[in-house]
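One structure is given below, represented as structure tokens, and several questions about it will come after.
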Amino acid sequence: MSYDHLAIEAKWQDRWESEKVFEVTEDPSKPKFYNVAMYPYPSGELHVGHVRNYTYIDLITRYKMMQGFNVLSPMGWDSFGLNAENHAIETGIHPKVSVAEQIERMKVQFRRLGVGFDWSRELASHDPDYYRWDQWIFLELWEKGLAYKAEAAVNWCPKDQTVLANEQVVGDDVCERCGTPVEKKMLSQWQFKITEYADELLDAIDDLDDWPDRVRTMQRNWIGRSEGATFTIQVDGGGSFDVFTTRPDTIFGMTFCVLAPEHPLVEELISGSETEDEARQYVSAAQRASEIERLAEGDKTGVFTGAYAINPVNEKRVPVYIADYVLMGYGTGAIMAVPGQDQRDWDFATKYGIDIVRTVQPEEGFDGEAFLGDGPTINSDFLDGMRQDEAKTKIIEWLADQGIGEATVQYRLRDWLISRQRYWGCPIPMLNCDQCGLVPVPRDQLPVLLPDIEDYLPKGMSPLAADDDFVNTTCPDCDGPARRETDTMDTFMDSSWYFLRYADAHNDEVLFDTEKARYWMPLDQYIGGVEHAILHLLYARFITRFLYDLGLSPVQEPFQRMFTQGMLVHKGAKMSKSKGNVVPPDDYYDNHGADATRLFELFVGPPTDDAVWNDSGVSGSKRFLDRFWKQATWDGGWNARSADDRDREILGHAHRTVKKVTEDIERFRFNTTVPALMTLSNELQSYLGDEPREETHGEVIEMMLKLLSPMAPHVSHELWERRGNESMLAFEAWPSWDEELAREDTVTMIVQVNGKVRDRLEVESDIDEAAAEAAALASEKIQAWLDGQEVRRVITRPPNLVNVVIG
RNA sequence: GCCCGGGUGGCGGAACGGUAGACGCGAGGGGCUUAAACCCCCUUGAGCCGAACACGGCUCGUGUGGGUUCGAAACCCACCCCGGGCACCA
């Protein structure tokens, strides 16, 4: 017997919508809860991996509502980007047409899942009403000196004459469309100075207490602050270069130097040297390779430049190498190499027969190669005997006295390159005027509308460059001819502030009203995939801080509590449209219902972990809901007896279940909430078979309906109504539990001998240590194991465990 | 390579220093049925011993090898394997 999930789910979806249950406004009389799932790219089809995400967000929305919060959970669309553009190239259909269709399809699927979103605040990043504010933020960044143009490399397909995204570079560095080997090409591109905020962004991580530790660690490492020294090294025969090192204390151990292949001094050093040909070959190979390849596993290779540098502390001549493990983008693009204290330098020195000098005395018994630990400094003249910290301070003073160096801080974080040579993105609101140079578009001319075009294929530049009507304009300063910027913005810009726009989604005077944002911000819960742990979250933190500094954002940190969920794996790979392994939810909605689908999504595994999609799991959840339906509507005849142990037991179990479900929701262990309800349902099944009382049954069922309502809202709302309740279940208060009722009278105490379980005793749950020990030692089984041997120690953890240590 | 996670039955997982395998899936057995489906009940980590119904007990077992602890899936060290991120997928 199955309940009619199709009719019931449609009915409640209608009710929630028509009664605007999830549309909210600022209400200072209630505590607010701002609950956001990362807005999705509108691929046109939700799959069960997305559904997992929205099941979590809806569970929290409904749970917090029942706890009395004014809950806002909005939804929007990350609708710019490469996928829609590729689709347009393939089909010729304009992205704005396909995106609109896909959004409509996805909204139907959201509705069928029964998610409670406030659709009145819906936004889409390709909407000019939205992206004009991207442009506005860009202008603010420009005026504050935080946006600038600089040369940067792009992937270039020489055959298609187009810039490729990293994702379009496949296999052995070839173009995914035509298989041509990809080249690097330098272009002048827009960047945001996120590095100005590096310290702030780093320091604030300490206070993000409600973020997963792993995400905080990843962000810290990504910013990668390191303290050290920068100093100048002279080249024997003329010229010099700067190096950055975190270990200036080891400077006496420098036996060679390494320059990045792109270092500006390379050309001068190698030209005319005996190794010139080899060096040129090495440099051009290195410049073609991607950064990941250059740092990848395998032997570190390099080539001697033929030049020598002078170690400033001891005047030693040391060889200068070029090697691709040194990156131009980090530090100064040149390093002093100290093989005694750095393993990569050790490997390199060993390979090329370079001297190794230890400057830190390794600890007794050390048999490794490079020694990274602390110890007394050796072979270092005036630093000898000092520990790392002292030696660092001393040598930095020395470098400063010599006028060749100073203490510096380096970040791994680079500025944010936002230029994309793409059509389907937000136009950058800048002009190039022959007279005035770079000129910002005046704010009253925003938005710079993205024009409709016919040909989306990029030809050397952004497709916008081919649209003369777009490109040619007039300079607002001198009224002379000017050309518009034709690159568009990285879509990470769109997603860096949308959560602020939700607070005031239809404002056409400002990007949002600060007072409205003050009510809702910060997000009390933000949920999304772990793949966003670094870039999106960091950019969003940066832009929010910038808007705070402008006096617009009411908060510096947008995301109070962050939750990163695992991915759904199917057929051995993460579920994604490009891998062709997506499972759409529609068949599950039809055959088993949205409620059963949601329960299985919760049940499938710990929310933080990846999980494997199992086709037969949803039918198991439906089986549970069917059985629960029968229990809730049970009319098998009631017994008029008064309450006894059977009633106390099932009620106690119900109270324990309220406690367990509440605590599990609070600690984000949704996968164990469903089993708790299943276990109670199994218990209820036995209860109903043995003279059940109607009052006890009603009490247990109503508790269960409340617990179930954030997880399987349709069926629980229906059953709540059928029990004759006037109010909607969504507006009921979350149940509380009574510790006294929840307490179990007796528990199973295990008795161990030397840590191995040897007996189980049923004891009062308030047993004390002495009684527990006495009971354990009184056990015949335990006495047999003791066999007269001396009891050396007894560990007692009443009422769960006694461990008798003998022998 | 660097940063961050993760390895537990046939499968998804539970157990956050104290009974390893909750709950579910799958499988097997039984009941209901003319039959099947649905539903209900039971069994289900491996090996072994004593019983000879369904009872009782032992040994092993949480990727591998060490360590800490009265006690380790959990904590520490080393290694192996898998996944995410590495700045133009978002």
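The values are calculated or read from the model by the stated rules, or taken from the named source; none is laboratory data. This one's a predicted model, so the numbers in the text were calculated from it and none came from an experiment. Methodologically, a virtual Cβ is constructed for each residue, glycine included, from the backbone with ideal geometry; neighbour enumeration extends over all protein chains shown. Note: areas computed on protein heavy atoms with side chains; ligands, DNA, RNA excluded. Shrake-Rupley method; radii C 1.70, N 1.55, O 1.52, S 1.80 Å.
Mind grabbing the accessible area of residue A:761 for me, 1.4 Å probe, Å², rounded to tens?
40
Using alpha carbons only, how many degrees (0 to 90, rounded to 10) separate the axis of helix A:617-632 from the longest principal axis of chain A?
30
Just want to confirm a number: the relative contact order over the stretch A:206-305, from Cα pairs under 8 angstrom separated by 6+ residues, in percent.
Values: 57 pairs, mean separation 17.6, N = 100.
It rounds to 18 percent for the stretch A:206-305.
Considering Cα pairs under 8 angstrom that are at least six residues apart, work out the relative contact order of the stretch A:517-573 and quote it in whole percent.
Working: 63 pairs, mean separation 29.2, N = 57.
Relative CO of the stretch A:517-573 lands at 51 percent.
In degrees from 0 to 90, rounded to the nearest 10, what is the angle of the helix A:343-352 Cα long axis to the longest principal axis of chain A?
Helix A:343-352 sits at roughly 40 degrees to that axis.
Let me ask something additional. What lysines does residue A:660 reach when the alpha-carbon gap must be under 17 Å and sequence neighbours fewer than 8 apart in one chain are set aside?
Straight-distance partners of residue A:660: A:64, A:706.
Let me ask something additional. Quick check: with the 1.4 Å probe, what order do A:38, A:218, A:186 take by accessible area, largest first?
Values: A:38 20, A:218 65, A:186 110 Å².
Descending accessible area places them as A:186, A:218, A:38.
How large is the Rg to Rh ratio of chain A when both quantities use alpha carbon positions and Rh follows Kirkwood? Don't skip to the end; give the middle numbers.
Details: Rg = 33.4 Å, Rh = 31.7 Å.
Result: Rg/Rh = 1.05.
Based only on Cα atoms, what mean projected area does the convex hull of the stretch A:249-350 have, in nm²? Spell out each step's value before the answer.
Working: hull surface 26.0 nm².
The orientation-averaged projected area of the Cα hull of the stretch A:249-350 comes to 6.5 nm².
Can you sort A:741, A:801 by solvent-accessible area, 1.4 Å probe, largest first?
Details: A:741 75, A:801 40 Å².
From most accessible down to least: A:741, A:801.
A further question follows. Helix A:388-402 sits at what angle to the longest principal axis of chain A, using alpha carbons and giving 0 to 90 degrees rounded to 10?
30
So which lysines pass the test for residue A:574, namely a Cα distance under 29 Å, with those fewer than 8 places away in the same chain ruled out?
Within the straight-line limit of under 29 Å, residue A:574 reaches these lysines: A:96, A:107, A:622.
Over the stretch A:65-200, what percent of the accessible surface lies on carbon and sulfur atoms, probe 1.4 Å? Could you put the intermediate results ahead of the total?
Values: 2660 of 5490 Å².
Here it works out to 48 percent.
Also, quick follow-up: With both bridge residues required to lie in chain A, what share of the DSSP beta bridges run antiparallel, to the nearest 5%?
Bridges in chain A that DSSP calls antiparallel: roughly 75 percent.
Can you tally the net charge around residue A:642? Count Lys and Arg as +1, Asp and Glu as -1, for every other residue whose Cβ sits under 12 Å from the Cβ of residue A:642. Present the calculation step by step, with values, prior to reporting the outcome.
Values: positive: A:641, A:646, A:648, A:693; negative: A:644, A:645, A:647, A:691, A:695.
Taking every other residue near residue A:642 into account, the sum is -1.
Another question, then. Per residue, how much accessible surface does chain A expose to a 1.4 Å probe? Answer in Å², no decimals.
Values: 35440 Å² over 807 residues.
That works out to 44 Å² for each residue.
If you average the sequence gap of Cα pairs under 8 Å that are 6 or more apart and divide by the length of chain A, what percent do you get for the contact order?
Details: 1437 pairs, mean separation 108.5, N = 807.
Answer for chain A is 13 percent.
Order A:513, A:487, most accessible first, counting only protein heavy atoms with a 1.4 angstrom probe.
Details: A:513 60, A:487 15 Å².
Solvent-accessible surface, decreasing: A:513, A:487.
Sticking with this one: Heavy atoms of the protein only, probe of 1.4 Å, neighbouring chains included. What is the accessible area of residue A:65 in Å², nearest 10?
40
Only helical DSSP H runs with n ≥ 4 go in: add -39500 (n - 2.57) per run for chain A, normalise by residue count and round the 222 nm mean residue ellipticity to 500 deg cm²/dmol. Intermediate values should be presented prior to the final figure.
Numbers: 27 runs with 295 residues, N = 807.
After summing the helix terms and dividing by residue count, I get -11000 deg cm²/dmol.
Residue A:556: net charge of surrounding residues, Cβ under 14 Å, Lys/Arg +1, Asp/Glu -1, itself excluded?
Working: positive: A:518, A:541, A:545; negative: A:199, A:200, A:203, A:206, A:207, A:549, A:557.
Counting the neighbours of residue A:556, the net charge comes to -4.
What does the charge dipole of chain A about its Cα centre add up to, to the nearest 20 debye, if the Cβ of each Lys and Arg holds +1 and the Cβ of each Asp and Glu holds -1?
Working: 82 positive and 138 negative charges, 227 e Å.
In total the dipole reaches around 1080 debye.
Please state the charge dipole magnitude for the stretch A:428-545, taken about the Cα centre, from unit charges on C-beta atoms (+1 on K and R, -1 on D and E), reported in debye and rounded to the nearest 20.
Numbers: 9 positive and 21 negative charges, 124 e Å.
Magnitude of the dipole: close to 600 debye.
Leaving ligands, DNA and RNA out of it, report the carbon-plus-sulfur percent of the accessible area of the stretch A:217-349 at a 1.4 Å probe.
Working: 2610 of 5510 Å².
Within the stretch A:217-349, the accessible surface is 47 percent carbon and sulfur.
Still on this model: Work through the residues other than residue A:23 whose Cβ is under 9 Å from its Cβ and net out their charges, Lys, Arg +1 and Asp, Glu -1. Intermediate values should be presented prior to the final figure.
On the way: positive: A:20, A:121; negative: A:118.
Overall, the nearby charge balance is +1.
Another question, then. Of the heavy-atom accessible surface of the stretch A:486-542 (probe 1.4 angstrom), what whole percent is carbon and sulfur? Write out the running numbers ahead of the final one.
On the way: 750 of 1530 Å².
Answer for the stretch A:486-542: carbon and sulfur cover 49 percent of the accessible area.
At 1.4 Å probe size, with no ligands or nucleic acids counted, give the accessible surface of residue A:645 in Å², nearest ten.
So the heavy atoms of residue A:645 present about 100 Å² to solvent.
Treating the beta-carbon of each Lys and Arg as +1 and of each Asp and Glu as -1, no other charges, what is the dipole magnitude of the stretch A:162-308 about its Cα centre, to the nearest 20 debye? Before the final figure, lay out the partial values.
Values: 13 positive and 29 negative charges, 56 e Å.
Using Cβ point charges on Lys, Arg, Asp and Glu, the stretch A:162-308 gives about 260 debye.
Of A:552, A:761, A:493, whose Cα points farthest to the positive end of the dipole of chain A (charges on the beta-carbon: +1 Lys, Arg; -1 Asp, Glu; origin at the Cα centre)?
A:761
Taking 0.36 nm per intervening residue step and subtracting the Cα-Cα distance, what contour gain separates residue A:144 from residue A:643 on full extension? Kindly include the intermediate steps, with their values, before the conclusion.
Working: separation 499, 0.36 × 499 = 179.64 nm, distance 7.39 nm.
That pair, residue A:144 and residue A:643, stretches by 172.2 nm at full extension.
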